[in-house]
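In what follows, a single structure is set out as structure tokens and then discussed.
Read-outs throughout are calculated quantities, based only on the coordinates presented, and are distinct from any laboratory measurement. Every value quoted in this text rests on a predicted model; they were computed, and no experiment measured them. Cβ placement follows ideal geometry from the backbone for every residue including glycine, while neighbour counts extend to all protein chains displayed.
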Amino acid sequence: MFIVVEGPEGAGKTTLVRWLAARLLAEGRPVVTVREPGGTPVAEAARKIALKSQHDLSPAVELFLILAARADLVARVIRPALAGGQLVLADRFELSTLCYQVAGRGLPADAVDAALQLATGGLVPDLTLVLDVPVDVGRERLRRARKEPDRLERLDDAFHRRVLEAYRRAAGAGVVHIDATGSKTAVQDAAWRTIGAAALQLRVGGES
Ligand code: T5A
């Protein structure tokens, strides 16, 4: 099973991914956890440029850095883990690119779709949990956490509202929206219930 946690800045993705990994492990279900962009030496190098570069990067350069990171991560970590029957839990994946680089940066959707296909070979998550928080709530959480803002986090509220609206429009097989304005426990409970239901559906689908 391939599970992705998505959402805008400060939605609580990393917090939830860590909790889910620990809970799954406690239930005897080891999990391979990845965060995007990153997760291999090449992907970490691309991440550093995409998020920390002091140079001016065009939206296309940003896209190709992120997709280079994803192509390497998919080939070296995600596909081998899934092929070995392991559960993979990702902090961001393809939906981030559609929300940040297409909706946020304004790159053309068709061209980005084609590039995504090339980068992932068409790998689609079984379940995508989209954590929903308003832009100001996410920003306030990151401010309190004293996280050093990266290139994208420093962009204005209009950019981040476009990203959020794109997340809110996300739909399709396996996409589930979770209100992430509540407590960590409330978000964890909602995510855990959703994963349980999705796992059951996959099992039933696999047997029929
Ligand atoms: N990017 C990435 C693209 O542009 N395109 C792409 O295709 C991809 C894959 C990655 C950046 O890359 C961009 C998007 C991003 O700008 P990152 O540093 O890896 O950046 O971090 P993000 O994924 O952006 O994660 P954030 O730093 O925004 O935060 P999270 O992971 O959503 O939130 P988290 O868990 O770190 O929590 C933040 C704080 O809130 C608290 C936590 O304790 C923490 O202090 N918190 C809560 N507080 C109250 N209630 C809750 N329910 C809470 N949940 C967490």
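Structure summary
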read-out	value
Amide proton proximity set for H177, modelled H, under 5 Å, gap of 5+	V130
Counted charge near H160, where neighbours are those whose Cβ lies closer than 14 Å (Asp, Glu -1; Lys, Arg +1)	0
Under Karplus coefficients 6.51, -1.76 and 1.60, residue-wise ³J(HN,Hα) of region 82-99 in Hz, glycine/proline x	5, 5, x, x, 8, 8, 10, 10, 10, 8, 6, 7, 4, 4, 4, 5, 5, 7
For the chain: relative contact order, % (alpha-carbon pairs under 8 angstrom, 6 or more apart)	32
Integer Hz, Karplus 6.51/-1.76/1.60 couplings in order for region 53-68, x for Gly and Pro	4, 7, 7, 6, 9, 6, x, 5, 5, 4, 4, 5, 5, 5, 6, 4
Cut-off under 5 Å, modelled amide H: who pairs with V4 long-range	A90, L127, T128, L129
Loop-resident sites, region 134-168, for GluC sites (Glu not before Pro), counting at most 16 other Cβ within 10 Å (DSSP)	E153
Where N is the number of residues in region 98-208, Cα Rg divided by 2.2 N^0.38 Å	1.25
Long-range HN-HN contacts of L87 with modeled amide H, under 5 Å	V32
Kirkwood Rh and Cα Rg combined as Rg/Rh, the chain	0.94
Computed [θ] at 222 nm, deg cm²/dmol, the chain (DSSP H ≥ 4; -39,500 (n - 2.57); rounded to nearest 500)	-16500 deg cm²/dmol
